[in-house]
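Data block below; observations after.
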Amino acid sequence: MAGDLLSETGSPYPQLDDPEGAAVPTGVRVIDAHVHLFPPRTFRSIWRWFEAHAWTVRYPLESPDVLEFLLSRGVERIVGLCYSHVPGMARDLNAAMADWARAEPALIPLGTVLPGEPDAVEVVREALGPLGLRGLKLHAHVQGIAPDDPRLDPIYAEASAAGAPIVFHAGRAPMCAGYRCDPNVLCGPDRVAPVLERYPNLRFVVPHLGADSYSGFEALLDRFEHLYLDTTMAIASYLDPNPDLGILSRRSERLMYGTDFPNLPFAWDRELKVLLEADLSEDARRAILSENAAGLFGV
């Protein structure tokens, strides 16, 4: 077993010393739909949290170096994600993301907002308007909020009207004792379905294939045409339980490749290798590795 789904004691998940590839194979188009970008001070705080409660981050790189690392290895485009956890933080994160996007055209920048903060709607409008960000990242574990919490309704309404995707960590895993909330209560398919019923045009991405509720989130794909899942960490044989990899062929039209780089305990291309070696049609492989993300984010 790669690691406990939840460590009640705060013991870290295992660190893997698996070999990393030099680059994306020639001729393979890759869009990484799940890469984290933060200012240096925030990144260092996040890495300390991971060290204490989860795993040692293998790639402690500052954001411009994160972009250079992946692009120099043949990743074509990068979806940049950030999240805020205290009031007033989102504007600074969003401004930084916009700066990185101006400097690097290969970056698809997403912003964030803290649900319930007094000016949340204005933060969203600024992010999706003047700042030119392409969507929003929200995180149930970090922000301590369920996807169907009414405080999110104004945010969903703005994103839906703008056609901007929301990437929402709404699955229970990976879970750690360091969170200040119980992901078992906040997360799951039953907390996402009401959102998509109320906002049928909202483009919504659940990372990690919805770990650990894999089958439940896969079932939602039949009900909601604008729901996507990303593969981040879920197909790395790291989280416990592992998903049924048959989902890669069953639902290739609604899956996106993502890594969680740089906050990884294993090689940057561990999941890329899985996708390249999986028994998939070339159409399915292209869809997961690049085409679905390109369509969703309009690139």
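Checking the condition farther than 22 Å from Leu37 by Cα and out of contact with any Cys (no Cβ under 7 Å at 6 or more places or on another chain), which residue from Leu296, Leu275 passes?
Leu275
If I filter the stretch 29-46 down to residues being of a type outside the set (Gly, Ala, Ser) and over 17 Å from the mean Cα position of the chain (by Cα), which single residue comes out as surrounded by the fewest Cβ atoms within 10 Å (Cβ to Cβ)?
The extreme case among them is Arg41.
Looking at Ser281, Ser252, which is the one that is surrounded by 16 or more Cβ atoms within 10 Å (Cβ to Cβ), polar (S, T, N, Q) and farther than 14 Å from Asp32 by Cβ?
None of the other options fit; the residue is Ser252.
Looking only at the stretch 127-145, count every residue that is assigned to a helix (DSSP H, G or I) and either over 30 Å from Pro241 (Cβ atoms) or hydrophobic (A, V, I, L, M, F, W, C) (or both) and tell me the total.
Final tally of qualifying residues: 4.
If I ask for residues that are farther than 22 Å from Val192 by Cβ and out of contact with any Leu (no Cβ under 8 Å at 6 or more places or on another chain), which ones from the stretch 90-116 would you list?
Arg91, Asp92, Leu93, Asp99, Arg102, Ala103, Pro105, Ile108
Spot the failing condition for Leu110; the list is (1) surrounded by fewer than 18 Cβ atoms within 10 Å (Cβ to Cβ); (2) closer than 27 Å to Arg180 by Cα, and only one is missed.
Every condition holds for Leu110 apart from (1).
Give the residue that is nearest to Leu37 (Cα to Cα), with candidates limited to residues of the stretch 58-95 that are among the aliphatic types (A, V, I, L, M) and surrounded by fewer than 20 Cβ atoms within 10 Å (Cβ to Cβ).
Leu61
Please name all residue pairs, on different chains or six or more residues apart, with Cβ atoms under 7 Å, provided the first residue is in the stretch 34-48 and is within 17 Å of Tyr179 (Cβ to Cβ) and the second residue is in a loop (DSSP other than H, G, I, E, B) and of a type in the set (Phe, Trp, Tyr).
Pairs that qualify, where the first residue is within 17 Å of Tyr179 (Cβ to Cβ) and the partner is in a loop (DSSP other than H, G, I, E, B) and of a type in the set (Phe, Trp, Tyr), are Ile46/Phe38.
No lab work stands behind these numbers, since they all come straight from the coordinates. All values derive from a computational prediction rather than experimental measurement. Note: ideal-geometry Cβ built from the backbone for every residue, glycine included; neighbour counts use all protein chains shown.
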